[in-house]
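The values are calculated or read from the model by the stated rules, or taken from the named source; none is laboratory data. All of these numbers come straight from a predicted model, not from anything done at the bench. When we count neighbours, we look across all protein chains shown, and the Cβ atoms used for this are built from the backbone with ideal geometry, even at glycine. Protein only, heavy atoms only, side chains kept; ligands, DNA and RNA dropped before computing areas. Shrake-Rupley method; radii C 1.70, N 1.55, O 1.52, S 1.80 Å.
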Amino acid sequence: MKKKTREKFVPSDAQMALMPDVSGNDINGLGETTIRRPSPIYWQTPELTPFGPLMKFFEDNAPPDEQLYKTQMDTNKIRETKVMPKSSVRIDNFASEWSKLVKKVGTDAGAVAVGITKMRPEWVIDTFEVPYENVITVGVAMDFENLKTAPNVPSAIEVIKQYGRAHFVTHEIANWIHGNGWNAISYGGSNNVPILLIPPALESGLGELGKHGSLINRENGSVLRLGGLITDMPLNYDSVDEFGVDDFCLNCKACQNACPPEAIHSDKKMVRGVEKWYVDFDKCLPFFNENTGCGICLAVCPWSRPGVPANLIAKLAKKKSTG
């Protein structure tokens, strides 16, 4: 039987006319061997990035879907909600106790994972500064049935909805921290977030990095959206959680084969001094922009299917123990 070939994606002329002369991969630091702070590239104030016109293209070409529009407006409303003022009475407690309470507030608000670690300079986008050194990352779960429709509208609605939930969770944690007299800034997970979210999520044990460039969580696989906040409340830091994703991704090609613009590499790349899985920005963005987002790579990831992560972890552990 003749193998079916994937139709090659060709970006529209209208979009390509807006492409800047600079490569997004260069802005991201692909091939750089020295650790440095990242530069703004997308989902920032348009004036901060040469890809600003492409952001407008994305917005202007969104399908006229009523539910999509409503979900975006609901998420915008959550994102713009103000965190309550900080109490003038500061309450003292052990860092271990604060950490437990922070995680309870986050999970009660809807997070399926909450991690804590110390901020690193290379996680802060170089057009921003952050005043506190403790970073809390939260993960909210997407509905797989909606996600697997990617790149169609139901998947885009699900992504926007869950970013709204991520903002709600980080706002709730920040409100609680302020209520105890400590400082916090809630960033949520979309639009002008001044820090990278995946690196602190990895460092604080929320999962491992997959070949598709997104986080893979022990319980929820690839169906997470992240949010973050920073604080000066004394907290204990979490440890990384490694459960076999890296070795699995070396041999799995599900996302790589399914990616229409062929943006997913078969091997790791050096990016700003760190060797890691990397998705080609210049190939990914045009498809993303013309399809109301994407998410195909997450939808086909074996770790995304409900109930599968636990079985995969058990198989990988058994394979490792038997050599």
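For the reader, a short list of remarks on this structure follows.
- Residue pairs, from the table LYS276/LYS318; LYS77/LYS148; LYS148/LYS318; LYS77/LYS161, whose Cα atoms sit over 23 Å apart: LYS276/LYS318; LYS77/LYS148; LYS148/LYS318
- Percentage relative contact order, the chain, counting C-alpha pairs under 8 Å, at least six apart: 23
- For the chain, the carbon plus sulfur part of the accessible surface works out to 54%, probe radius 1.4 Å.
- If you plug the beta carbon distance of SER12 and LYS104 into 1/(1 + (r/R0)^6) with R0 = 51 Å, you get a FRET efficiency near 0.60.
- Per-residue SASA entry for ARG120, accessible area with 1.4 Å probe, Å² rounded to 10: 90
- Prolate/oblate/rounded call for the stretch 140-262, Cα gyration tensor, a/c under 1.5 rounded: oblate
- Protection proxy ranking of 122-131, 153-162, 230-239 - average other beta-carbon atoms within 10 Å, highest first: 153-162, 230-239, 122-131
- Gyration tensor over the Cα atoms of the stretch 28-99: the corresponding equivalent ellipsoid has semi-axes (square roots of 5 times the eigenvalues, largest first) of 34, 26, 12 Å.
- Chain lengthening between ASN191 and ASP21 when straightened (0.36 nm per residue, less Cα-Cα): 58.8 nm
- Near the amide H of ILE195, within less than 5 Å, lie the amide hydrogens of ILE125, all on another chain or at least 5 residues away, with H placed in the peptide plane.
- Magnitude of the charge dipole for the stretch 158-263, about its Cα centre and with charges confined to Cβ atoms of Lys, Arg (+1) and Asp, Glu (-1), is about 400 debye.
- Charged-residue dipole, Cβ positions (Lys, Arg, Asp, Glu), the chain about Cα centre, Debye nearest 20: 1000
- If the Kirkwood radius is taken over C-alpha pairs of the stretch 193-305, then at 10 °C and 1.306 mPa s the Stokes-Einstein diffusion coefficient equals 105 µm²/s.
- Helix 308-321 vs. the chain, principal-axis angle (Cα, 0 to 90°, nearest 10): 90
- Relative contact order %, the stretch 17-126, counting alpha carbon pairs below 8 Å whose residues are six or more apart: 34
- Note on the stretch 44-148: Rg/Rh from C-alpha atoms, Kirkwood Rh, equals 1.03.
- Think of the stretch 228-268 as having a plus end and a minus end, set by charges on the Cβ of Lys, Arg, Asp and Glu; of ASN257, VAL240, ILE230, ASN257 sits farthest toward the positive end of this dipole.
- Nearest 10 degrees, 0 to 90: helix 95-108 Cα axis against the chain principal axis: 50
- Only helices enter the 222 nm calculation for the chain: every DSSP H run of n ≥ 4 contributes -39,500 (n - 2.57), and dividing by all residues gives -11000 deg cm²/dmol, rounded to 500.
- Interchain or long-range residues, amide H under 5 Å from LEU224's placed H: MET142
- Using the Cβ-Cβ distance between ASP282 and LEU316 with R0 = 35 Å, the FRET efficiency computed as 1/(1 + (r/R0)^6) comes to roughly 0.60.
- Förster-model FRET efficiency, 41 Å R0, GLU66 and LYS118, C-beta, rounded to 0.05: 0.40
- Unpartnered cysteines - no second Cys beta carbon under 4.7 Å - across the chain: CYS249, CYS252, CYS259, CYS284, CYS294, CYS301
- Per residue, the chain exposes 50 Å² of solvent-accessible protein surface, assessed with a 1.4 angstrom probe and all protein chains in place.
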